[in-house]
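The values are calculated or read from the model by the stated rules, or taken from the named source; none is laboratory data. Quick caveat: nothing in here was measured; it's all calculated off a predicted structure. All Cβ positions, glycine included, derive from the backbone under ideal geometry; neighbour counts span all protein chains shown. To get the accessible areas, we keep the full protein, side chains included, count just its heavy atoms, and leave off ligands, DNA and RNA. Shrake-Rupley method; radii C 1.70, N 1.55, O 1.52, S 1.80 Å.
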Amino acid sequence: MALKKESDLKKLLAYAGKYRYLTIGSWILSAISAWVALIPFYYIWKIIDGLLSVEPQFDQAIGLANYGWRAVGFALLSMLIYVVALMCSHIAAFHVQAQIRIKTMNHITTLPLGFLDHEGSGKIRKIVNESSEMTENYLAHQLPDKAVAIATPIGLLVLLLAFDWRLGLLSLLPVVLAFAIMSRMTGKKMKEKMAEYQNALENMSNEAVEYVRGIPVVKTFGQTIFSFKRFRQSIEQYQKWVIAYTEDFRGIMVLYTTCINAVFAVLIAATFVIGGSNDKSFLLNLLFYIIITPIITVTLNKILYTSENQLIVSDALSRIESITRRQPLEEATQPKNPKGTALVFKEVSFQYEKGEKLAVDHINMTIQEGEHVAFVGPSGGGKTTLANLITRFFDVTSGEIIVGGVNIKEIALEKLMDTISFVFQDSKLLKMSIYDNVRMGKPNASREEVMLALKNAQCQDIIDKMPQGIDTIIGSKGTYVSGGEAQRLSIARAMLKDAPILILDEATAFADPDNEVKVQAAFAQLAKDKTLIMIAHRLSTVTSVDRIYVLEEGQIKESGNHQSLLQNHGLYEHMWQAYQESAKWHMGNEVKA
């Protein structure tokens with residue numbers, strides 16, 4: 001038997017906790033305010049009745065002011081009750097929004113570290129921020145409005161049938177037709193359209209973030225926005241979708257709008273069928289119905305937009321659950337400590353979630369303790385993926401990785417992070433002082449230890465030019481560092497951590513010639529007595545390592561030291577020759593310049 005799907009409202013109330021009672025209270029108060037808001041119409045009827053009963057001597061009418069003030073009083077009371085309802089709903093909604101963000105972010109911290117990189121920061125930001133914001137708007141405004149929209153027709157039905165049941169039934173005919181059309185608009189098709197709309201926005205947001213990150217490249221090479229094909233395509237797809245969506249619902253929306261505004265026309269037609277202008281009682285009721293029936297239009301529109309927002313919230317919760325349903329990184333129940341830093345890969349394979357083929361295909365490899373190795377090969381060959389698997393940025397699809405005789409899945413995550421240092425191609429520095437940025441490598445480090453790490457990482461020149469030295473906050477008042485300087489600060493962080501296994505992923509990619517000399521000197525200091533894995537495109541940086549692994553299409557094609565690989569006349573030799581040619585071309589251009 002299939003399990004009953006939990007409703008979106010029940011999910012939201014679960015996030016509300018003790019504040020759910022404020023949410024329920026806001027619905028009750030909103031319904032009461034809707035009924036109280038109808039009472040003034042009764043007094044309007046009394047005013048019209050009083051006028052018609054004495055016409056044309058209107059000055060003889062009595063009690064009109066009293067009825068008027070009562071109508072005003074109940075209108076103000078309705079507004080007051082509704083304001084209290086909104087206060088309750090907003091308090092609960094803000095709590096729900098905060099809890100969704102907190103729980104989602106806490107869950108993200110338990111996922112593999114490669115999750116954010118693979119999904120895209122723009123997409124994750126949109127889900128966490130905007131999806132939770134949609135739930136806040138729904139709980140704070142839409143649900144109280146929905147309570148009003150449900151309560152109002154009940155009160156209206158009583159009023160419509162109480163004075164003249166014939167006019168009441170005629171008023172309901174276009175309403176029933178409009179409601180049927182609305183049900184068609186807010187059905188399964190609309191739910192699918194809402195999902196498509198959010199997908200288009202999500203994709204465009206993600207590509208926009210990537211485009212902003214690539215602006216330096218765009219400006220350097222004189223390109224335009226259209227050089228980013230995926231960003232351009234995401235904009236064009238969104239445009240096509242919006243136009244198609246508008247055209248798809250145009251006809252049915254026109255029909256719906258016509259129906260909800262046809263009540264007045266039906267009432268006018270009723271004067272020729274069931275009444276006459278000389279019948280004061282009929283005229284009184286007709287005038288009353290003409291005044292009150294516009295509420296039906298407002299109410300139906302509220303129901304329509306509330307239903308639409310309900311679909312948006314349903315899609316938002318689905319996107320949040322796309323994160324929270326992901327399995328956290330598996331942690332060892334009985335963790336073991338590795339003995340040494342030897343690395344062994346046994347039939348290791350990995351495929352990305354939406355990948356069509358294996359990114360790493362049955363890798364077998366042994367890296368001895370203290371050995372220095374390099375991963376080289378064409379782009380997309382699996383070099384970075386293989387390094388990411390060592391640090392459990394992702395978990396292997398099959399096979400196992402062993403560190404110090406222990407499967408990395410059986411090592412406590414904290415212990416594994418203490419065992420491995422990773423210097424990325426694009427170094428990440430936070431908006432805090434240089435001291436705090438470096439100290440992240442070892443939170444309990446003393447100031448002296450941080451200074452020593454900075455010195456060994458060749459960072460003294462960086463500190464000397466900063467206005468507050470190592471206490472200078474990076475990113476404040478125009479204080480920034482270059483790519484090569486950021487790399488050296490990241491090396492200082494790794495030095496302070498002093499993990500026995502070191503992974504360098506294209507660590508000199510953003511270094512200028514002057515910085516590269518200092519970065520290489522820092523690497524030499526950092527790599528002493530450590531198991532070192534280098535990922536490099538500049539083959540000149542790996543000629544002295546103990547072993548080079550050449551990867552292509554997720555497989556190891558060759559392995560050996562620099563000289564032996566050149567003698568094999570294989571892929572590495574071809575890459576080395578291409579590298580040498582590019583170096584000569586570069587040097588030749590510099591001489592001409």
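Identify the single condition in (1) free of Cβ contacts under 8 Å to residues at least 40 places away in the same chain; (2) open to solvent by 10 Å² or more (accessible area, probe 1.4 Å) that residue 416 does not satisfy, given that it satisfies every other one.
(2)
Cβ contacts < 6 Å: first residue on the phi < 0 side of the Ramachandran plot, restricted to segment 34-49; second residue open to solvent by 30 Å² or more (accessible area, probe 1.4 Å) and of a type outside the set (Phe, Trp, Tyr), any location; separation 6+ or different chain. Result?
36/77; 40/75; 43/70; 47/64; 48/287
Residue by residue, here is whether (1) under 30 Å from the mean Cα position of the chain (by Cα); (2) over 30 Å from residue 206 (Cα atoms); (3) surrounded by fewer than 19 Cβ atoms within 10 Å (Cβ to Cβ) holds:
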| site | (1), (2), (3) |
| --- | --- |
| 60 | no, yes, yes |
| 63 | no, yes, yes |
| 68 | no, yes, yes |
| 91 | yes, yes, yes |
| 130 | yes, no, yes |
| 134 | yes, no, no |
| 145 | yes, yes, no |
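For residue 172, all conditions in the list (1) hydrophobic (A, V, I, L, M, F, W, C); (2) modelled with pLDDT under 85; (3) within 30 Å of residue 389 (Cβ to Cβ); (4) open to solvent by 10 Å² or more (accessible area, probe 1.4 Å) hold save one; what is the number of the exception?
All conditions are met except number (3).
Within segment 345-379, which residues are surrounded by fewer than 16 Cβ atoms within 10 Å (Cβ to Cβ) and among the β-branched types (Val, Ile, Thr)?
Matches in segment 345-379: 366 only.
Just checking: which of the helices (runs of 4 or more DSSP H) contained wholly in segment 89-165 hold 1 or more residues that are at pLDDT below 80 and within 30 Å of residue 421 (Cβ to Cβ)? Quick ask: steps written out before the conclusion?
Details: elements: 114-119, 121-125, 132-137, 143-163.
Output list reads 114-119, 121-125.
Go through segment 305-321 and report how many residues are more than 13 Å from the chain's Cα centre (by Cα) and either modelled with pLDDT of 80 or more or not aliphatic (A, V, I, L, M) (or both).
Just the residues of segment 305-321 that are more than 13 Å from the chain's Cα centre (by Cα), to begin with: 305-314.
Retained after the next criterion (residues that are either modelled with pLDDT of 80 or more or not aliphatic (A, V, I, L, M) (or both)): 305-310, 313-314.
The qualifying residues number 8.
Please determine, by comparing only the residues of segment 555-580 that are small (Gly, Ala, Ser) and at pLDDT 90 or above, which one is nearest to residue 356 (Cα to Cα).
Keep residues of segment 555-580 that are small (Gly, Ala, Ser), which gives 559-560, 564, 570, 578.
Next cut, at pLDDT 90 or above only: 559-560, 564.
On the way: 559: 27, 560: 30, 564: 34 Å.
In this case the residue turns out to be 559.
Out of 20, 70, which single residue is closer than 18 Å to residue 144 by Cα and of a type in the set (D, E, K, R)? I'd like the intermediate steps shown before the answer.
Details: 70 fails: closer than 18 Å to residue 144 by Cα.
Of the residues listed, the single one that is closer than 18 Å to residue 144 by Cα and of a type in the set (D, E, K, R) is 20.
Can you name the number of the only condition in (1) modelled with pLDDT under 80; (2) of a type in the set (Asp, Glu); (3) on the phi > 0 side of the Ramachandran plot that residue 512 fails?
Among (1) modelled with pLDDT under 80; (2) of a type in the set (Asp, Glu); (3) on the phi > 0 side of the Ramachandran plot, the lone unmet condition for residue 512 is (3).
Among the residues of segment 183-192, are any open to solvent by less than 70 Å² (accessible area, probe 1.4 Å) and modelled with pLDDT of 70 or more?
Within segment 183-192 (the criterion being open to solvent by less than 70 Å² (accessible area, probe 1.4 Å) and modelled with pLDDT of 70 or more), the answer is no, since none of the residues qualifies.
For segment 419-443, enumerate the residues that are surrounded by fewer than 19 Cβ atoms within 10 Å (Cβ to Cβ) and part of a helix (DSSP H, G or I).
Passing the criteria: only 436.
Specify the residue that is surrounded by the most Cβ atoms within 10 Å (Cβ to Cβ); the eligible residues are those in segment 26-58 that are out of contact with any helix residue (DSSP H, G or I) (no Cβ under 7 Å at 6 or more places or on another chain) and in a helix (DSSP H, G or I).
Among those that are out of contact with any helix residue (DSSP H, G or I) (no Cβ under 7 Å at 6 or more places or on another chain) and in a helix (DSSP H, G or I), it is 42.
Could you list, in sequence order, the residues of segment 244-265 that are modelled with pLDDT under 75 and open to solvent by 80 Å² or more (accessible area, probe 1.4 Å)?
261, 264
Looking at (1) surrounded by 19 or more Cβ atoms within 10 Å (Cβ to Cβ); (2) of a type outside the set (S, T, N, Q); (3) closer than 12 Å to residue 492 by Cα, which is the only condition residue 474 fails?
With respect to (1) surrounded by 19 or more Cβ atoms within 10 Å (Cβ to Cβ); (2) of a type outside the set (S, T, N, Q); (3) closer than 12 Å to residue 492 by Cα, residue 474 is out only on (3).
Provide a single number: the residues in segment 380-412 that are open to solvent by 10 Å² or more (accessible area, probe 1.4 Å), assigned to a helix (DSSP H, G or I) and touching a Lys or Arg at 6+ places or on another chain (Cβ under 7 Å).
1
Mind listing whichever residues of segment 529-563 are in contact (Cβ under 8 Å) with a residue 40 or more places away in the chain and of a type in the set (D, E, K, R)?
529, 530, 538, 546, 547, 552, 553, 557
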